[in-house]
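A.B. asks: Structure provided below as structure tokens; questions to follow.
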Amino acid sequence: MKMKKMILSMAFAAAVAPAMAQYEGTTLDDRLGHGQDSLEARQNLSLFQTAINSNAFGEAYDAWKIVYEKAPFAQMGLYTNGAYMLFMLIQNEQDAAKKQGFFQELMKVYDDRLERLDGLNSFTAEHRRATAGDVIARKAYDYAFLGPQADPAFTLEKSYALFSDGIKRINEHGGREVEGFVLDAFFRTSYAMYQKDNNGFREQFLQDYLESKDVCDKMLQLAKEETDTAKARKIVDKYDAPLNTIEALFAESRAADREQIIAIFEPKIEANKDNLAYLKSALTLMAANDCDDAPVYYKAAEYAFKIEPTYESAIALAQKYYKEGQNAQSVKYYNEAIELCKSDTQKGNIALRVAAAMRKSGDTKSAFTYLDKAAEFNPDLVGKCFMQRANIATKAKDYAAAKRYCDQAAAADITLAGQAQRLKNNIITVEAHNAEYARQKAEYDRQQAEIKAEEDFWKAGGKK
């Protein structure tokens, strides 16, 4: 009896194993098969496509269900358009049980697509093929967006885990980037995790912020390199808004609290003094969060530089000596940081970073010197150099210069257009407030002068 069961099990496995492979590279006719089932699948596939185009999601669902069950490899649209259809049905459904049912189907569509991905990709146009990371990231987005209203078992932790898995796979795949809307939703989820556990999740939240911001920055850099203006604008539209959201939420979170971050790293730096990877990560996180003048930052730099001199640790040591008033040593290490870079592009980026450090310390003259170096090493940084000059001028309340630098930044680098306009709008708002304050003060001074003149008149006996 046991042998019979084993034979049946082996036979079933043998039948299932080639089920996916048999569709690879085939035509739609091959995948729809022959006979009555094929005819029914073909008719319903046409109905599904027509209904989807008309946003008739209820009609689309009935047709989709038949094709999905009878010919699951018919086309990729069963999964992409099918997911969109289920998303809209969940959004529009008022009945909780039906909503939950559609949600479970939606999650299964993503799971089925992952399981059948190689076969589906084999007959799909190259530009429409997806990786496992793409599918998981999109599943994470729908889970995060719809789960709270459609899944009684929804958890924030599962949402975050899905996003993390998808994004990690996309990054490991190479040559692809996380979609802007996915980054937006991922960082909102990370922020919710941080709000749930400020101390335990803080370090991971800081890491999520830097990585999400880095992806947006990289994509905006691609937009700048794009020769087609329309395509460049499309990239900017996809990533400028998420970047703004990420920056705003991070500022709102106050996760970059100096004392809290220092408290996190003080015990860990000593424990990881021989771990270069950890030390470099800690240096990056502390530098990005206003802790680059703390003793623990300098200690991490000294340990890291001793293991292997890098531009990160050289910059930190330069800042240490600058703080101690040893300017010659400081300049030496700043210049060494630039020399440790392997390309002019990287040298330009580090010079820009040095300029930011100088700006932060109040040394405007040195900041301008390194901004000039940054632009000289890498002309693509001209726009960012103008933005730093705009920030310096804003802090100095030289608003005319700041607005001029904003315009120059936007003209030099399309990816900075949104950021430059936001700063310019803030300046205009401040100027308007200042002008109104000046007007009110002038009116107040005029009234006070009239009152004083009246008092002086009566004190003089009512004589002019």
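A.B. asks: Among the residues of segment 278-314, write down those that are assigned to a helix (DSSP H, G or I), modelled with pLDDT under 85 and either more than 19 Å from LEU352 (Cα to Cα) or in contact with a Lys or Arg (Cβ under 7 Å, 6 or more places away or on another chain) (or both).
C.D. replies: SER281, GLU312, listed by residue number.
A.B. asks: Test each condition in (1) of a type outside the set (Asp, Glu); (2) touching a helix residue (DSSP H, G or I) at 6+ places or on another chain (Cβ under 8 Å); (3) closer than 29 Å to LEU285 by Cβ; (4) assigned to a helix (DSSP H, G or I) for ILE427 and report the one that comes out false.
C.D. replies: Just one mismatch for ILE427, condition (3).
A.B. asks: Something else now. Could we say that GLY133 is touching a residue at least 40 places away in the same chain (Cβ under 8 Å), surrounded by fewer than 22 Cβ atoms within 10 Å (Cβ to Cβ), touching a Lys or Arg at 6+ places or on another chain (Cβ under 6 Å) and not β-branched (Val, Ile, Thr) here?
C.D. replies: yes
A.B. asks: Okay, next question. Checking the conditions here, which among ARG258, ARG254 is at positive phi and of a type in the set (D, E, K, R)?
C.D. replies: Testing whether each residue is at positive phi and of a type in the set (D, E, K, R) leaves just ARG254.
A.B. asks: Let me ask another. If you check every pair at least six apart or on different chains, which have Cβ atoms under 6 Å apart with a residue in segment 67-92 that is in contact (Cβ under 8 Å) with a residue 24 or more places away in the chain and assigned to a helix (DSSP H, G or I) first and a residue that is open to solvent by 10 Å² or more (accessible area, probe 1.4 Å) and among the acidic types (Asp, Glu) second?
C.D. replies: The qualifying pairs are LYS70/ASP37; LEU86/GLU105.
A.B. asks: Answer yes or no as to whether ASP344 is touching a residue at least 24 places away in the same chain (Cβ under 8 Å) and either open to solvent by 60 Å² or more (accessible area, probe 1.4 Å) or hydrophobic (A, V, I, L, M, F, W, C) (or both).
C.D. replies: Against the criterion (touching a residue at least 24 places away in the same chain (Cβ under 8 Å) and either open to solvent by 60 Å² or more (accessible area, probe 1.4 Å) or hydrophobic (A, V, I, L, M, F, W, C) (or both)), ASP344 qualifies.
A.B. asks: Taking the condition of being touching a Gly at 6+ places or on another chain (Cβ under 7 Å), open to solvent by 10 Å² or more (accessible area, probe 1.4 Å) and free of Cβ contacts under 8 Å to residues at least 60 places away in the same chain, how many residues in segment 102-128 meet it?
C.D. replies: 0
A.B. asks: Among the residues that make up segment 324-337, is at least one of them touching a Leu at 6+ places or on another chain (Cβ under 7 Å), without any contact (Cβ under 8 Å) to a residue 24 or more places away in the chain and either charged (D, E, K, R) or not in a loop (DSSP other than H, G, I, E, B) (or both)?
C.D. replies: Yes, that holds for at least one residue.
A.B. asks: Give segment 383-398 a look and list any residue that's open to solvent by 50 Å² or more (accessible area, probe 1.4 Å) and in a helix (DSSP H, G or I), or say none.
C.D. replies: Of everything in segment 383-398, those that are open to solvent by 50 Å² or more (accessible area, probe 1.4 Å) and in a helix (DSSP H, G or I) turn out to be LYS384, ASN391, LYS395.
A.B. asks: Only one of ASP184, ASP197 is modelled with pLDDT of 90 or more, more than 23 Å from GLN91 (Cβ to Cβ) and of a type in the set (Asp, Glu). Can you tell me which?
C.D. replies: ASP197
A.B. asks: Further, regarding this structure: Pairs under 6 Å by beta carbon, first residue in contact (Cβ under 8 Å) with a residue 12 or more places away in the chain in segment 225-243, partner in a helix (DSSP H, G or I) and of a type in the set (Asp, Glu), six or more apart or different chains?
C.D. replies: PRO242/ASP184
A.B. asks: With respect to ASP372, determine if the residue is touching a residue at least 60 places away in the same chain (Cβ under 8 Å) and either not in a helix (DSSP H, G or I) or not aliphatic (A, V, I, L, M) (or both).
C.D. replies: Spelling it out, it is not the case that ASP372 is touching a residue at least 60 places away in the same chain (Cβ under 8 Å) and either not in a helix (DSSP H, G or I) or not aliphatic (A, V, I, L, M) (or both).
A.B. asks: Can you give me the number of residues within segment 274-286 that are of a type outside the set (A, V, I, L, M, F, W, C) and either touching an Asp or Glu at 6+ places or on another chain (Cβ under 9 Å) or within 22 Å of ASN199 (Cα to Cα) (or both)?
C.D. replies: 4
A.B. asks: Within segment 405-417, count every residue that is open to solvent by 20 Å² or more (accessible area, probe 1.4 Å) and farther than 16 Å from LEU371 by Cα.
C.D. replies: Total satisfying the criteria: 5.
A.B. asks: Please find, within segment 137-177, the residue that is surrounded by the fewest Cβ atoms within 10 Å (Cβ to Cβ) out of those that are aliphatic (A, V, I, L, M), within 17 Å of the chain's Cα centre (by Cα) and under 29 Å from ASP95 (Cα atoms).
C.D. replies: ALA161
A.B. asks: Select from segment 88-101 the residues that are open to solvent by 30 Å² or more (accessible area, probe 1.4 Å), touching a helix residue (DSSP H, G or I) at 6+ places or on another chain (Cβ under 8 Å) and not polar (S, T, N, Q) and write down the one among them that is nearest to ASP151 (Cα to Cα).
C.D. replies: GLU93
A.B. asks: Sticking with this one: Which residues, counting only those in segment 215-233, are open to solvent by 30 Å² or more (accessible area, probe 1.4 Å) and either closer than 20 Å to ARG422 by Cβ or touching a Lys or Arg at 6+ places or on another chain (Cβ under 6 Å) (or both)?
C.D. replies: Hits for segment 215-233 are ASP217, GLN221, LYS224, ARG233.
A.B. asks: Here is a further query. Of everything in segment 169-215, what is under 27 Å from HIS127 (Cα atoms) and among the basic types (Lys, Arg)? Give them in sequence order.
C.D. replies: Hits for segment 169-215 are ARG169, ARG176, LYS213.
A.B. asks: Continuing with the same structure: Any residue that is closer than 24 Å to ALA137 by Cβ, open to solvent by less than 20 Å² (accessible area, probe 1.4 Å) and not in a helix (DSSP H, G or I) - is there at least one of those in segment 239-248?
C.D. replies: Checking segment 239-248: not a single residue is closer than 24 Å to ALA137 by Cβ, open to solvent by less than 20 Å² (accessible area, probe 1.4 Å) and not in a helix (DSSP H, G or I).
A.B. asks: Across segment 251-272, what is the total count of residues that are open to solvent by less than 80 Å² (accessible area, probe 1.4 Å) and either more than 15 Å from GLY200 (Cα to Cα) or in contact (Cβ under 8 Å) with a residue 60 or more places away in the chain (or both)?
C.D. replies: Summing the residues that are open to solvent by less than 80 Å² (accessible area, probe 1.4 Å) and either more than 15 Å from GLY200 (Cα to Cα) or in contact (Cβ under 8 Å) with a residue 60 or more places away in the chain (or both) in segment 251-272 gives 9.
The values are calculated or read from the model by the stated rules, or taken from the named source; none is laboratory data. Nothing here was measured: the structure is a model prediction, and the numbers come from that model. Every residue, glycine among them, receives a Cβ derived from its backbone with ideal geometry; neighbour counts consider all protein chains shown. What goes into the accessible areas is simple: the full protein's heavy atoms, side chains included, and nothing from ligands, DNA or RNA. Shrake-Rupley method; radii C 1.70, N 1.55, O 1.52, S 1.80 Å.
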